[in-house]
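Everything on this sheet refers to the single structure shown next.
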Amino acid sequence: MQRHPWPKRSWDFTFRIRYINLLKMTEIIRCGIGSYPKNLETLSDKPDLYLRGELKADDEYAVAVVGSRKVSRKGAINTREYTKVLANAGFTIVSGLAEGVDTIAHTTALGINGTRTIAVLGCGLDRIYPEKNTGLAEKIIKQGALVSEYPPGTRITKLHLLDRNRLVSGLALAVLVIEGGKEILGVKDIRSGTLTTAKHAINQNKEVFAIPGSPTTDFIISEWGVTPVNSPLEMMKHLREIIKLLDQISMMG
């Protein structure tokens, strides 16, 4: 039986009631059981997941859209344009509910009828981060899912945010990096969420796309050899090839 650690404020009766009610709305899924995502079955640790909303089999066809919290005007336009094309093609949109690119990607997906989106949190599902995205999180639950490996009551930390990025990339067939800030260029000990997601994807043998024109994307294109894309249609061409190859492998298996 899964145990749930009480939050530190367990002495607060009202808080305990809210916590218990949240547990009733939260599903726990394990690898090999129920709706555990197929794309995560290749991870070495295969963490238990806390879930609000619903994961579906078609979420196997997902693309993670990531980038800067302090998104530029051009980055915002690119996020909307690429996300719209992906959504209209039937892909689930995965991101991390952060400000900037994440928020735009989730919001754009929600605006397209029938499109699903998954938000991966680096804290318990009772602690939406950033708090300003609480309303967005509730909409995602109705048209996708909130996912976390951390039980309710777990606070946000930098380490949790970096660790959750392996799930952002892991849930997807491919990762699209929109843009990133100047502060991470040339840093060997990578602490950028955008870069860690791209690095996890590479380690997971996932395709990584990047839009040229920002320090981060130019860096990972030149130094890591990720695939540059200059238009949504160019990216779709690559994705169709990936799906075709995966279908062939599935038939052989």
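The values are calculated or read from the model by the stated rules, or taken from the named source; none is laboratory data. Model, not experiment: these values are computed from the prediction. In this analysis, Cβ positions are derived from the backbone assuming ideal geometry, glycine residues included, and neighbour counts consider all displayed protein chains.
Remarks
- Scanning region 141-160 for residues that are surrounded by fewer than 24 Cβ atoms within 10 Å (Cβ to Cβ) and closer than 17 Å to VAL65 by Cβ yields GLN143, LEU146.
- All conditions in (1) in contact with a strand residue (DSSP E or B) (Cβ under 8 Å, 6 or more places away or on another chain); (2) assigned to a loop (DSSP other than H, G, I, E, B); (3) over 25 Å from LYS56 (Cα atoms) hold for LEU97, with the sole exception of (3).
- Residue check for SER231: over 30 Å from ARG127 (Cα atoms), at pLDDT 95 or above, among the hydroxyl-bearing types (Ser, Thr, Tyr) and over 19 Å from the mean Cα position of the chain (by Cα): yes
- The set of residues from region 197-229 being in a loop (DSSP other than H, G, I, E, B) and out of contact with any Pro (no Cβ under 7 Å at 6 or more places or on another chain) comprises GLN204, ASN205, LYS206, ILE211, GLY213, SER214, GLY225, VAL226, VAL229.
- Candidate set: region 85-116, residues that are in contact with a Pro (Cβ under 8 Å, 6 or more places away or on another chain) and more than 17 Å from LYS70 (Cα to Cα); chosen: the one surrounded by the fewest Cβ atoms within 10 Å (Cβ to Cβ): VAL85
- Every pair of residues 6+ apart whose Cβ atoms lie under 9 Å, when the first sits in region 200-212 and is of a type in the set (Asp, Glu) while the second is part of a loop (DSSP other than H, G, I, E, B): GLU207/LEU173; GLU207/VAL226
- Cβ-Cβ distances below 6 Å connect the following pairs, each with a first residue in region 43-65 that is in contact (Cβ under 8 Å) with a residue 12 or more places away in the chain and farther than 16 Å from ALA105 by Cβ, a second residue that is of a type in the set (Gly, Ala, Ser) and in a loop (DSSP other than H, G, I, E, B), and a separation of six or more residues or different chains: LEU55/SER35.
- Filter result (among the polar types (S, T, N, Q) and farther than 16 Å from SER95 by Cα) within region 36-65: THR42, SER44
Residue by residue, here is whether (1) crowded, with 20+ Cβ neighbours inside 10 Å; (2) aliphatic (A, V, I, L, M); (3) modelled with pLDDT of 95 or more; (4) within 25 Å of LEU51 (Cβ to Cβ) holds:
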position: LYS132; (1), (2), (3), (4): no, no, yes, yes
position: GLU138; (1), (2), (3), (4): no, no, yes, yes
position: ARG166; (1), (2), (3), (4): yes, no, yes, yes
position: GLY180; (1), (2), (3), (4): yes, no, no, no
position: ARG191; (1), (2), (3), (4): no, no, no, no
position: VAL226; (1), (2), (3), (4): yes, yes, yes, no
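- Among (1) modelled with pLDDT under 95; (2) of a type in the set (S, T, N, Q); (3) within 21 Å of GLU207 (Cα to Cα), the one test that ASN113 misses: (3)
- When THR103 is tested against (1) within 22 Å of THR197 (Cα to Cα); (2) more than 14 Å from the chain's Cα centre (by Cα); (3) among the hydroxyl-bearing types (Ser, Thr, Tyr); (4) not in a loop (DSSP other than H, G, I, E, B), only condition (2) is not met.
Yes or no, residue by residue, for (1) out of contact with any Gly (no Cβ under 7 Å at 6 or more places or on another chain); (2) outside any strand (DSSP E or B); (3) touching a residue at least 24 places away in the same chain (Cβ under 8 Å); (4) not hydroxyl-bearing (Ser, Thr, Tyr):
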| site | (1), (2), (3), (4) |
| --- | --- |
| ILE112 | yes, yes, yes, yes |
| THR115 | yes, yes, yes, no |
| ILE128 | yes, yes, yes, yes |
| LEU136 | yes, yes, yes, yes |
| ILE141 | no, yes, yes, yes |
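- Any chance ALA76 is more than 15 Å from VAL175 (Cα to Cα), at pLDDT 95 or above and either surrounded by 15 or more Cβ atoms within 10 Å (Cβ to Cβ) or within 19 Å of the chain's Cα centre (by Cα) (or both): yes
- Every condition in (1) in a strand (DSSP E or B); (2) modelled with pLDDT of 95 or more holds for ILE28 except the one numbered (2).
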